[in-house]
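These notes concern the structure reproduced below.
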Amino acid sequence: MTRYFVGLTGASGHAYAEALVRALVRAGCEVDLCVTPAGAKVLRHELGIESGAEGRELARALPGWFGAECARSLRAFAADAIEAPPSSGTALSGGVIVCPCSMGTLARVRAGFSSNLVERAADVALKEGRRLLLVPRETPLSEIHLENLLALARMGAVVLPAMPGFYHRPKTLEDLVAHVTGKILDRLGVEHAGVRWQGTGEPPPERGTA
Ligand SMILES: Cc1cc2nc3c(=O)[nH]c(=O)nc-3n(C[C@H](O)[C@H](O)[C@H](O)COP(=O)(O)O)c2cc1C
C-alpha cells in the first residue's frame, strides 16, 4: 500500500487538500497529514471548522474530521513532531505533497530550513530523490516567489499551482476543486474518476487540410 505525506500550510485552498486526501484514501492509499500553525488557522476558516485545536490536539482531531471510514487510512502529526517517521529518509513514502503551499513554506523548502515537519518531509523528498509535489497558491507572484518556484522545479520538484481550468465547464466549486486534484493524482499516477478532456465535439479536420 502506498503512503503519501500531505502537508497543509497557511496558503488559501484547503478544499484542495481535503479533496486530495479523500481521493487518495478512495484509491486505497494511506496518508500522513501535517498542518502548520498558519495552515490550521486557514483550514479552520476556509472549511468552517469550529474547533480551536492546535498542535498535537489538532493532530489527534484531524483524522476524525474526515469521517470514520477515511480516518482508518490517515495518520496526523503535529508540525513540531520532528521525531515522526516522515522526518527520516528511512520511512518510505510514495511522495510528499504540499497542498496548499504558502510562499513562506516555499521559501523555507527552497532554502532547506526544515523548521517543521512539513518542511522537513519536503527536504527529505529532495535529498532522497523522491517525489515532491508543490501546490502553491498566491497571486500576484513576486520575483522572490517566481525565483523560488523555478529553483525548486530545477531541483526536481513538480510545481502544480492551484490554478483550475474552465474548459470542462465547471458548475460547482467541487468541479473546480476536482480539476486541480485530478491533475495532482495524475502526476502521482493514482487512478481517479475526474473528468478528462474529450475534445470540443467538433469533427477532426480532414487529412491534409489541418
Ligand atoms: C486567510 C488567510 C489566507 C492566506 N492565504 C495565503 C495564500 O494564498 N498564499 C500564501 O502564500 N500565504 C497566505 N497567507 C499567509 C500565510 O498563512 C503566512 O505567510 C504564514 O506565515 C505561512 O506559514 P506556513 O508557511 O508555515 O504555513 C494567508 C493567511 C491567511 C490568514
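Between Gly95, Gly129, which is more than 19 Å from Pro37 (Cα to Cα) and touching a strand residue (DSSP E or B) at 6+ places or on another chain (Cβ under 7 Å)?
The unique qualifying residue is Gly95.
Which condition number in (1) buried (at least 22 other Cβ atoms within 10 Å of the Cβ); (2) at pLDDT below 95 is the one that Pro136 fails?
Going through (1) buried (at least 22 other Cβ atoms within 10 Å of the Cβ); (2) at pLDDT below 95 one by one, Pro136 breaks only (2).
Going by what's in this entry, would Ala81 be described as assigned to a loop (DSSP other than H, G, I, E, B), within 16 Å of the ligand (Cβ to nearest atom), small (Gly, Ala, Ser) and in contact (Cβ under 8 Å) with a residue 40 or more places away in the chain?
Here the answer is yes, as Ala81 does meet what is asked.
Gly112 passes all but one of (1) more than 11 Å from the ligand (Cβ to nearest atom); (2) closer than 21 Å to Ala78 by Cα; (3) crowded, with 18+ Cβ neighbours inside 10 Å; which number fails?
Among (1) more than 11 Å from the ligand (Cβ to nearest atom); (2) closer than 21 Å to Ala78 by Cα; (3) crowded, with 18+ Cβ neighbours inside 10 Å, Gly112 violates only (3).
Within segment 181-210, work out how many residues are assigned to a helix (DSSP H, G or I) and either surrounded by fewer than 16 Cβ atoms within 10 Å (Cβ to Cβ) or in contact with a strand residue (DSSP E or B) (Cβ under 7 Å, 6 or more places away or on another chain) (or both).
Looking only at that region, the number is 4.
Just checking, which of Val109, Val190 is closer than 21 Å to Val25 by Cβ and of a type outside the set (Lys, Arg)?
When all the criteria are applied, what remains is Val190.
Is it true that Thr2 is surrounded by 15 or more Cβ atoms within 10 Å (Cβ to Cβ), of a type in the set (Val, Ile, Thr) and within 10 Å of the ligand (Cβ to nearest atom)?
In short, no.
Listed residues Val177, Val124; which is in a helix (DSSP H, G or I), more than 20 Å from Ala11 (Cα to Cα), away from the ligand (no atom under 14 Å from the Cβ) and touching a Pro at 6+ places or on another chain (Cβ under 8 Å)?
Of Val177, Val124, the one residue that is in a helix (DSSP H, G or I), more than 20 Å from Ala11 (Cα to Cα), away from the ligand (no atom under 14 Å from the Cβ) and touching a Pro at 6+ places or on another chain (Cβ under 8 Å) is Val124.
Find all pairs meeting these conditions: Cβ atoms under 8 angstrom apart; at least six residues apart or on different chains; first residue within segment 128-144 and in contact (Cβ under 8 Å) with a residue 12 or more places away in the chain; second residue aromatic (Phe, Trp, Tyr).
Taking only residues 6 or more apart or on different chains, the pairs are Val135/Tyr16.
For residues that are assigned to a helix (DSSP H, G or I), within 12 Å of the ligand (Cβ to nearest atom) and either surrounded by 24 or more Cβ atoms within 10 Å (Cβ to Cβ) or in contact (Cβ under 8 Å) with a residue 12 or more places away in the chain (or both), tally how many sit in segment 18-46.
Final tally of qualifying residues: 8.
I need the full set of residues from segment 47-78 which are in a helix (DSSP H, G or I), within 17 Å of Val21 (Cα to Cα) and within 16 Å of the ligand (Cβ to nearest atom), in order please.
Scanning segment 47-78 gives Leu47, Leu58, Ala59, Leu62.
The values are calculated or read from the model by the stated rules, or taken from the named source; none is laboratory data. A quick note: this is a predicted structure, and the numbers were derived from the prediction, not measured. As a convention, Cβ positions derive from the backbone with ideal geometry for all residues, glycine included, and neighbour counts pool all protein chains shown.
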